[in-house]
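Input: a single structure, listed below in structure tokens.
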Amino acid sequence: MRQARLWARLVGVENAVVERVVFGEDDGVLVVSVRPARQRRRRCGICRRRAPGYDQGHGRRRWRALDLGRVRVFVEADAPRVCCPRHGIVVAAVPWARHGAGHTYAFDEQVAWLATQCSKTAVTQLMRVSWRTVGAIVARVWADVDGLVDRLAGLRRIGIDEISWKKGHKYLTVVVCHDSGRLVWAGSGRDRATLRAFFAALGPGRSAQITHISADGADWIADVVARHCPAAVVCADAFHVVSWATDALDQVRRQVWNLARHEAGGSKRHVQGPGRATQRAVGAARTLKRCRWALWKNPDTLTEQQTAKLAWIAKTGPIPYRAYLLKEGLRAVFQIAKTNADDAVVALDRWASWARRSRIPAFVALQRRIAAHRTAILATINHRLSNGRIESMNTKIRLITRMAFGFHSADALIALAMLSLGGHRPTLHSK
Ligand SMILES: [Zn+2]
């Protein structure tokens with residue numbers, strides 16, 4: 001029957017026979033009843049090997065298929081169980097959907113593609129599914145891709161980083177390839193056990209091939225790396241080192257702000273409601289509080305207003321301004337390293353003696369921290385490990401963690417990150 005074959009194409013079921021098509025006028029739902037083609041029947045849902053039938057299971061089941069125009073479509077079929085010699089009694093495999101999934105392959109593929117291309121709202125409204133469902137779909141699509149590709153092949157220079165998510169309550173450890181710029185591995189947690197799982201997946205042979213590892217200087221990373229890749233050169237990611245200086249600067253800004261606020265006229269009482277009064281910074285203290293971004297950002301990206309704020313600090317606050325110059329000085333070391341490693345080493349030493357004599361406790365402490373990581377920082381300068389790639393990967397993963405906030409599990413977040421940044425993005429119409 002030619003019409004049956006057309007229906008099979010329209011709803012995206014292959015290796016199946018369309019038995020009946022029913023359109024429900026009331027609910028506006030199209031139900032396409034099918035049965036697997038003869039050679040696809042009685043197969044284990046997990047391993048897809050032939051297995052003897054067991055029983056009829058729980059009767060008919062439905063799978064959501066891609067909409068036809070504005071009409072919602074379901075594929076309906078029996079869901080008998082088989083008795084697999086390896087997996088026991090399981091629901092039989094169907095050729096149009098993954099085992100245990102409530103959506104067809106075509107539906108899964110489209111959702112996964114959309115999730116790596118557009119916003120949460122766009123995916124959920126267009127596909128008429130919940131964000132949690134998107135998470136589950138992304139996880140099973142990635143599991144299939146992961147089974148087909150060897151993402152850890154040929155790694156030489158890698159970066160290891162930790163990313164916080166769920167507002168800092170949870171962490172991911174991520175591994176990035178410096179050469180391809182791809183995310184190659186991600187695991188839930190930030191501890192030795194998590195990182196050991198990466199090296200276990202890599203295996204001793206390939207671990208020995210790693211020549212350079214960059215990280216943020218955390219002890220737990222250094223320990224595991226020393227154990228598994230003793231010969232690799234350990235580098236400090238420049239953007240992490242600069243972020244230490246940004247943190248020190250913020251400490252200085254907050255201290256000065258607190259002092260200004262507690263001076264006479266530095267704050268005034270602000271009544272928010274009955275029995276609720278707070279002190280609000282005014283005058284210089286308030287301006288200083290609002291300078292955070294002007295101090296944080298790179299000078300070439302400042303807005304006009306932020307430039308004015310910085311000029312104000314230069315005039316009125318010698319200590320925060322000196323702290324700002326120290327932060328910029330450290331950033332300059334890595335800028336110089338891009339063109340001349342020797343000059344950068346000289347600049348680093350000059351910076352260290354400047355910070356040591358600065359009499360700003362936060363920067364004296366920072367100088368000590370930098371001295372402790374000197375070998376790794378010099379390695380970064382001398383081996384010219386690209387900082388930009390690792391930093392932009394860090395930014396991209398942070399965006400994904402924000403997008404993945406409503407996902408049920410870390411697995412779904414990892415799957416979305418791997419599909420988006422691992423070099424195996426889902427494709428549409430893959431056939
Ligand atoms: Zn099986």
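Out of the residues in segment 141-166 that are buried (at least 19 other Cβ atoms within 10 Å of the Cβ) and among the β-branched types (V, I, T), state the one that is farthest from F407 (Cα to Cα). Among those that are buried (at least 19 other Cβ atoms within 10 Å of the Cβ) and among the β-branched types (V, I, T), it is I158. When restricted to residues that are in a strand (DSSP E or B) and either within 12 Å of the ligand (Cβ to nearest atom) or surrounded by fewer than 15 Cβ atoms within 10 Å (Cβ to Cβ) (or both), segment 55-66 contains 2.
Among residues of segment 68-96 that are under 18 Å from R38 (Cα atoms) and acidic (D, E), those with a Cβ under 8 angstrom from a residue that is part of a loop (DSSP other than H, G, I, E, B) and more than 9 Å from the ligand (Cβ to nearest atom), sequence gap 6+ or separate chain, pair up as D78/Q56; D78/G57; D78/G59.
For V82, state whether it is in contact with a Gly (Cβ under 7 Å, 6 or more places away or on another chain), within 16 Å of the ligand (Cβ to nearest atom), under 30 Å from V123 (Cβ atoms) and outside any loop (DSSP other than H, G, I, E, B).
no
Which residue out of R350, R389, R402 is more than 30 Å from W142 (Cβ to Cβ) and out of contact with any helix residue (DSSP H, G or I) (no Cβ under 7 Å at 6 or more places or on another chain)? Step by step, each of R350, R389, R402 is checked, and only R350 is more than 30 Å from W142 (Cβ to Cβ) and out of contact with any helix residue (DSSP H, G or I) (no Cβ under 7 Å at 6 or more places or on another chain).
Counting residues in segment 32-44 that are touching a residue at least 60 places away in the same chain (Cβ under 8 Å), in a loop (DSSP other than H, G, I, E, B) and away from the ligand (no atom under 16 Å from the Cβ) gives zero. So which residues in segment 131-168 are closer than 16 Å to F107 by Cβ and in contact with a strand residue (DSSP E or B) (Cβ under 7 Å, 6 or more places away or on another chain)? Selection gives I137 alone. The one condition from (1) surrounded by fewer than 18 Cβ atoms within 10 Å (Cβ to Cβ); (2) free of Cβ contacts under 8 Å to residues at least 60 places away in the same chain; (3) not assigned by TED's automatic domain parsing to the domain that holds A355 that H262 does not meet is (3). Would a scan of segment 151-165 turn up a residue that is of a type in the set (D, E) and not in a strand (DSSP E or B)? There is no residue in segment 151-165 that is of a type in the set (D, E) and not in a strand (DSSP E or B).
The rows are residues; the columns are (1) in the same structural domain as A248 (by TED's automatic domain parsing); (2) crowded, with 16+ Cβ neighbours inside 10 Å; (3) modelled with pLDDT of 90 or more.
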residue	(1), (2), (3)
A344	yes, yes, yes
W354	yes, yes, yes
S358	yes, yes, no
I390	no, yes, no
L413	no, yes, yes
L416	no, yes, yes
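The values are calculated or read from the model by the stated rules, or taken from the named source; none is laboratory data. As the structure is a prediction and not an experimental result, all values here were calculated from the model. Neighbour counts run over all protein chains shown; Cβ positions are idealised from the backbone, glycine included.
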